[in-house]
Amino acid sequence: MNHNLIDILLVEDNSDDAELTIHALKKHNMGNNLFHVTDGEEALEFIFATGQYAGKREVENAPKLVLLDIKMPKVNGIEVLQIIKSDPRTKNTPVVILTSSKEDPDIKQCYDLGANSYIVKPVNFDGFAKAIMNLGFYWLLLNQPPVK
């Protein structure tokens, strides 16, 4: 896989949720250039081309969209969001929080840090698949990103 041509970076430690997300995107032809990592530390290494991704990609080739869970091992999603949005090279990368947390402080903090959207994972598969499909359609096809 060419790590410089990633449309979607999925950062999700729950393998069932990750599988559902990937399936929903692929079903609508939006999962071909998707890359999945399971914790915040690996997400940061991927985005900033450090650690295991050093020399394999360039930070300037940020994903078109980051789907980010909040509750993860090593580095949580809120910390990942803060780092992405505070770096001039990645601050314009759209970050959608996909989480099971409906806690108001999390929602406010994510928006304060620059999240582009905050979505609480639906419990049933059909609702989840439809939400993911709409997300992919909007961010990959409709949204006009700034010119790099």
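The values are calculated or read from the model by the stated rules, or taken from the named source; none is laboratory data. All figures in this text were calculated on a predicted structure; none of them were measured in a lab. Glycine gets a Cβ as well: all are built from the backbone with ideal geometry, and neighbour counts include every protein chain shown. Protein only, heavy atoms only, side chains kept; ligands, DNA and RNA dropped before computing areas. Shrake-Rupley method; radii C 1.70, N 1.55, O 1.52, S 1.80 Å.
Conditions (1) in a loop (DSSP other than H, G, I, E, B); (2) at pLDDT below 95; (3) over 13 Å from the mean Cα position of the chain (by Cα), marked per residue:
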| residue | (1), (2), (3) |
| --- | --- |
| Phe46 | no, no, no |
| Gly55 | yes, yes, yes |
| Val59 | yes, yes, yes |
| Ala62 | yes, yes, no |
| Val80 | no, no, no |
| Pro105 | no, yes, yes |
| Ile132 | no, yes, no |
| Leu135 | no, yes, no |
| Val147 | yes, yes, yes |
Take the residues in segment 94-104 that are without any contact (Cβ under 8 Å) to a residue 40 or more places away in the chain and not hydrophobic (A, V, I, L, M, F, W, C); name whichever of them is nearest to Thr50 (Cα to Cα). Thr99
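Considering only segment 57-74, I want to know if a residue exists there that is β-branched (Val, Ile, Thr) and within 20 Å of Asp17 (Cβ to Cβ).
Yes: segment 57-74 contains one or more residues that are β-branched (Val, Ile, Thr) and within 20 Å of Asp17 (Cβ to Cβ).
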Could you tell me which numbered condition Tyr138 fails, if it satisfies all but one of (1) loosely packed, with under 13 Cβ neighbours inside 10 Å; (2) closer than 23 Å to Ile6 by Cα? (1)
When segment 45-67 is examined, which residues are found to be within 23 Å of Gln144 (Cβ to Cβ), surrounded by 17 or more Cβ atoms within 10 Å (Cβ to Cβ) and without any contact (Cβ under 8 Å) to a residue 40 or more places away in the chain? Ala62
Check on Val75, in contact with a Phe, Trp or Tyr (Cβ under 6 Å, 6 or more places away or on another chain), assigned to a loop (DSSP other than H, G, I, E, B) and surrounded by 14 or more Cβ atoms within 10 Å (Cβ to Cβ): no
Among the listed residues Lys102, Lys27, Lys91, identify the single one that is surrounded by fewer than 18 Cβ atoms within 10 Å (Cβ to Cβ), of a type outside the set (Asp, Glu) and farther than 21 Å from Asn134 by Cβ. Lys91
For segment 91-101, name all the residues that are modelled with pLDDT of 90 or more and under 19 Å from Gly136 (Cα atoms). Asn92, Thr93, Pro94, Val95, Val96, Ile97
Leu10 vs. criteria modelled with pLDDT under 95 and either surrounded by 20 or more Cβ atoms within 10 Å (Cβ to Cβ) or not in a loop (DSSP other than H, G, I, E, B) (or both): no
When segment 107-130 is examined, which residues are found to be over 17 Å from Asp16 (Cα atoms) and part of a helix (DSSP H, G or I)? Ile107, Lys108, Gln109, Cys110, Tyr111, Asp112
Output the residue which, of all residues in segment 30-44 that are at pLDDT below 90 and either among the small types (Gly, Ala, Ser) or over 23 Å from Ser100 (Cβ atoms) (or both), is least open to solvent (accessible area, probe 1.4 Å). Gly31
Of these, Ile107, Ile78, Ile70, Ile119, which one is free of Cβ contacts under 8 Å to residues at least 40 places away in the same chain and under 16 Å from Leu10 (Cβ atoms)? Ile119
